[in-house]
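First the structure, in the form of structure tokens, and then the observations on it.
What follows draws every value from the coordinates through simple rules; no lab data is involved. Note that this is a predicted model, so its numbers are computed, not measured. With ideal geometry, Cβ positions are generated from the backbone for all residues, glycine too; neighbour counts draw on all protein chains shown.
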């Protein structure tokens, strides 16, 4: 059952008053779209004749973009280099109204740039330019001071780990401790290449492969029963109130604060590109919880938002107007 339109409107009003802090790895997502008419004479690969291109804030910056659709009070913490990609990312975020005071510019650092090449609306290859180096000590100290000052003033704190060198165990512990001291909601999107303890986080949102890998449950078929077992192990290990596993075209699995399991079928009509769908899910689930929703209602909202996003090409967001349109259409 979908949200009633009047309930959606109430939540949207509440969202506007929430202040969110996003902490994590920043990147710039580049998309090249073109035609494929032949194979290269140099190697058995398609030749893509580029017709158009676009760039969007990605990683934790895409989480901020998603939040800005619903509240103007979004601060972003992360690091970029002093290179053209870093300039473009910071200037683009500033134009959206995002608070960028928590972004460190590190001389000599490579800003993560992911280039995806599409031919006939199919992704052909992705090229990554990045560094995984930790923050230099002077920048790290300034960043920690900013976090201690900013966390108590926020309603929800979202951690996005892409294993690019920003988040380590000491930083995660500090963030979760400061948030707990202030009674703030925390949500995290973990990464299997950066094995951190998320003990004490309010919400954990892995995808299916991350849930299996982090829990140690082995199942090449990635069956639903194995994913549910993995989710329960993670919830028990880290004591998170809510655990939301995104299942791609199969929807979501929710474990709430009482350990109750619910499966939510996908709301997607067509799937063109899953890039950023997990970001949308985490944002909407966390916003709804911070606005007073029960976990089941928050998951339904997150699932609907993800279903809208995967119907778009590129790193996309969902707007309140799109929610209204979907509900009025009875989707």
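Over the C-alpha trace of segment 107-189, radius of gyration and Dmax come out as 16.6, 51 angstrom.
Using a 10 angstrom cutoff on alpha carbons, build the Gaussian network for the chain and name the most mobile of 279, 145, 256. Between 279, 145, 256, it is 145 that shows the largest mean-square fluctuation. Residues considered: 80, 13, 47. Largest GNM mean-square fluctuation over the chain, using C-alpha springs under 10 Å, is found at 47. Remark: 208, 132, 52, 14 ranked as 52, 132, 14, 208, counting other beta-carbon atoms within 10 Å and listing the fewest first.
With the convex hull of the Cα atoms taken as the outline of segment 1-84, the averaged projected area works out to 10.3 nm².
With a 10 Å Cβ neighbour count serving as the proxy for reagent exposure, in which order, fewest first, do 296, 143 appear? Mind dumping the intermediate values first?
Details: 296 12, 143 20.
Ascending number of Cβ neighbours within 10 Å: 296, 143.
Full extension of the chain between residue 263 and residue 36 gives 77.8 nm of extra length, using 0.36 nm per residue less the Cα-Cα distance.
Ordering 246, 192 by the number of other Cβ atoms within 10 Å of each residue's own Cβ, fewest first, gives 192, 246.
The antiparallel fraction among DSSP beta bridges confined to segment 5-104 stands at about 60%.
If the Kirkwood radius is taken over C-alpha pairs of segment 185-296, then at 25 °C and 0.890 mPa s the Stokes-Einstein diffusion coefficient equals 174 µm²/s. Helical runs (DSSP H, four residues minimum) scored at -39500 (n - 2.57) apiece and divided by the length of the chain put the mean residue ellipticity at 222 nm at -11500 deg cm²/dmol. Over the chain, the Kirkwood radius and the radius of gyration, each from Cα atoms, give a ratio Rg/Rh of 0.96.
For segment 58-141, the alpha-carbon coordinates run over 46, 33, 18 Å along the three principal axes, in decreasing order.
What's the Kirkwood radius of segment 52-93 in Å, using all Cα pairs? Spell out each step's value before the answer.
On the way: mean 1/r = 0.0896 Å⁻¹.
Roughly 11.2 Å, rounded to one decimal.
In whole Å, what is the distance between the alpha-carbon centres of segment 1-41 and segment 136-152? Comparing the Cα centres of segment 1-41 and segment 136-152, I get a distance of 27 Å. Considering only 20, 321, 163, give the residue with the highest GNM mean-square fluctuation for the chain, with springs between Cα atoms whenever their separation is below 10 Å. Top of the fluctuation ranking is 321.
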